[in-house]
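Here the structure comes first, spelled out in structure tokens, and everything after it is commentary.
The values are calculated or read from the model by the stated rules, or taken from the named source; none is laboratory data. As the structure is a prediction and not an experimental result, all values here were calculated from the model. Here Cβ is always computed from backbone atoms with ideal geometry, including for glycine, and neighbour counts include all displayed protein chains.
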Amino acid sequence: MAIGVFDSGVGGLTVHRELTQRFPDRNFIYLADQANAPYGGRNGEDIVNLTQAGCERLFEAGASLIILACNTASAIALRRLQQTWVPAARARHGRPLNVLGIIVPTIEAATGLPWTYEAERLGEKIEAIDVTGVFCTAATAMSRVYEIEIDKRREDLAVFSEPCPGLAGLIELGAPAEELKVVVNDHVDALRRRIGRQPDKAILGCTHYEIVADMFAAALPPGTPLIHQPTAVADALERYFARHPDYDLGQAGRREFLTTGKPGAQSGLVARFWGAPLTFNPT
């Protein structure tokens, strides 16, 4: 058995790398749905159906717990899968199974509060003293999940999402650094103009963006804190394991990389981020 990590492409490797470092003895299976990437511009039903299909492949491959290392899938598909599909999958496979997302841990890290916390509304207007910028796909921005969920917990935080259409695709294809820097700089500047000033902190709300986190850090004012999803997810998963010891996740440290797209070596950009050449196998 294993932990499954699912993404539309290579962005989820940022979460996968952090998880394998945090839990080196666990077995991991990574699945990239590169045949259908990117998800950010797709409609909701497409995203739900593709995410469900990917999770089923991972369950069939031996995963017991799946991390949706994709903000778009987490924002659009996760709740429906947990409510209507995962219970049937447990019965079908006859073992404990679950699918978790990455938005809940990110919001916990951004607010410093547990997911179960909701701010008491006193009826008084509170002027936001901090502004959080969220760089994300168009689908995640349209869901307004970060604005809604952070506002439930912290009335003193204002959230502005900046959709970055096409950026995940460029990263997936291994675009040159010069081209990526121009796109990142443009989106950081667009967010600044919309807010009227620079954000106090920023969330990289697409796991692909973590691959070019240094470019976002360079485009933002020096010292602007970045909420890093891989670290937040690993922290949350450590707490989850303590509460749920019933999952069989293997102890052999096995690593497997699968793709629905063209198998083989990944781009030079991915190899540099990963620290070594990385090859995906067909599924």
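Consider M1 against the criteria (1) in contact with a strand residue (DSSP E or B) (Cβ under 8 Å, 6 or more places away or on another chain); (2) at pLDDT 95 or above; (3) hydrophobic (A, V, I, L, M, F, W, C): it satisfies all of them except one. Which criterion is unmet?
Answer for M1: the failing condition is (2).
Pairs needed: first member in segment 71-86, touching a residue at least 60 places away in the same chain (Cβ under 8 Å); second member anywhere, surrounded by fewer than 19 Cβ atoms within 10 Å (Cβ to Cβ); C-beta distance under 6 Å; at least 6 residues apart or different chains.
Close Cβ pairs satisfying both conditions: I76/G44.
Being part of a helix (DSSP H, G or I) and assigned by TED's automatic domain parsing to the domain that holds F273 narrows it down to one of N36, N49, so name that one.
After applying the criteria, what remains is N49.
Name the helices (runs of 4 or more DSSP H) wholly inside segment 109-205 in which the number of residues that are in contact with an Asp or Glu (Cβ under 8 Å, 6 or more places away or on another chain) is 2 or more.
Because the criterion is at least 2 residues that are in contact with an Asp or Glu (Cβ under 8 Å, 6 or more places away or on another chain), the helices (runs of 4 or more DSSP H) in segment 109-205 that meet it are 145-153, 177-195.
Check P230, P277 and return the single one that is buried (at least 18 other Cβ atoms within 10 Å of the Cβ) and touching a helix residue (DSSP H, G or I) at 6+ places or on another chain (Cβ under 6 Å).
P230
Identify all residues within segment 34-59 that are touching a residue at least 24 places away in the same chain (Cβ under 8 Å) and either hydrophobic (A, V, I, L, M, F, W, C) or on the phi > 0 side of the Ramachandran plot (or both); write none if there are none.
Result: A35, A37, I47, V48, L50, C55, L58, F59.
This table checks each residue for (1) modelled with pLDDT under 95; (2) in the same structural domain as D186 (by TED's automatic domain parsing); (3) in contact with a helix residue (DSSP H, G or I) (Cβ under 7 Å, 6 or more places away or on another chain).
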position	(1), (2), (3)
H208	no, yes, yes
I211	no, yes, yes
A217	no, yes, no
F241	yes, no, no
G250	yes, no, no
T260	no, no, no
P263	no, no, no
A271	yes, no, no
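Scanning for something in contact with a Leu (Cβ under 6 Å, 6 or more places away or on another chain) and hydroxyl-bearing (S, T, Y), does segment 73-85 turn up at least one residue?
Checked segment 73-85: at least one residue is in contact with a Leu (Cβ under 6 Å, 6 or more places away or on another chain) and hydroxyl-bearing (S, T, Y).
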